[in-house]
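Contents: one structure, followed by commentary.
The values are calculated or read from the model by the stated rules, or taken from the named source; none is laboratory data. The structure displayed is predicted, hence computed values, not measured ones. Here the Cβ positions follow ideal geometry from the backbone for every residue, glycine too, while neighbour counts run over all protein chains shown. For the accessible areas, the whole protein counts, side chains as well, though only heavy atoms, and no ligand, DNA or RNA atoms are used. Shrake-Rupley method; radii C 1.70, N 1.55, O 1.52, S 1.80 Å.
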Amino acid sequence: MNTKDSCLGTFLSDRRCPCCDAGIGKPAVWSVPAGESFDWSSLRDSWRGFFKRNVFLTYVRCQSCGLLYAPRYFTDTSLKELYGNMPDNSVGLPHAILERTQRHYFEFLERHSDFAGNYLELGPDIGLFTQHVPCMGRTGCLWLYEPNLAVHDMLARRLAGRDVRIHAEMTDLSAIPDDSVSVCAMIHVLDHLPNAKPLLQQIRRKLRAGARVLIVTHDERSLLARALGRRWPAYCLQHSQLFNISTTERFLRECGLVVIETKRSKNYFPATYLLKHLSFAIGLRWLSMKIKGDSFVIPLRLGNIMTIARPQ
Ligand SMILES: [Zn+2]
């Protein structure tokens, strides 16, 4: 048995297309060497951050629906270990900059919803997006599902005095009454969930008629993705699948949701942060380690898509 197969059943398992359940995928992008050839401890070490050797599990394109996904991915048990006690997702970027990007997402959703009623968010992290929701003054209960226990305190503090229910997992939403949620947000969540479809179907049942769902994902068809090829940072172990505008629409339809509007998002970055990532992506790792500071901020359409959907 070679290394590639010996990891099956322990920390990796095979899966079919998470959108249409077909088993016909054509290899589309892989790291060199491919993630599948590494043992558990090497993959665990590669799990975090951009500034390690870029290793990921091979992505195939589904020949039936077009979704880009990793057919061999971490088991639920290994994911639990990998996600346990991660630093918050914002590490490495100043808060003021992150808040600006989150505000931009919020303004997009605000055009589609008045935020009256109960709110559900998956993966709120430290609440940089969530904090805007109760300020609208019409929101009921805030249901927040955040698997990273390390950020729960900060999240609760940011929303102190509000009707907040924080849960530590991402699979069972049974605590929420059916037909009770008016707004749902998932920012950089859908790419991370190997079993996203059953979860989205659960969410669909929680939504009232007329509810709105905001989804932010990377865009695997973006200029940046095409330009960087396998060096595109979103090709990583944490992303079990990656979307584009048309696969997002198809996937949501399978889950009982209809897309109302799609837009490429602006992300705000300090110029030095961009230079740091760029020099790393083109192979100048030594230079990327030397760049510091964050005085000059640039808004960029960096290959993310914002989607607003409603129940079918
Ligand atoms: Zn498919």
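General remarks:
- Residue ranking by accessible heavy-atom surface, 1.4 Å probe, largest first, among Thr101, Thr139 comes out as Thr139, Thr101.
- Classification of region 64-183 by its C-alpha gyration tensor yields a rounded form. The axis ratio a/c (a ≥ b ≥ c) stays under 1.5.
- Both radii were evaluated on the Cα set of region 18-78; the Rg over Rh quotient, with Rh as the Kirkwood radius, amounts to 1.01.
- Highest mean first, the peptides 249-259, 208-218 sorted by other C-beta atoms within 10 Å per residue fall in the order 208-218, 249-259.
- Prolate/oblate/rounded call for region 172-217, Cα gyration tensor, a/c under 1.5 rounded: oblate
- Region 222-265: C-alpha gyration tensor shape, a/c 1.5 cut-off, then a/b vs b/c: oblate
- In a reduced charge model with +1 at each Lys and Arg Cβ and -1 at each Asp and Glu Cβ, region 34-189 shows a dipole moment near 480 debye about its Cα centre.
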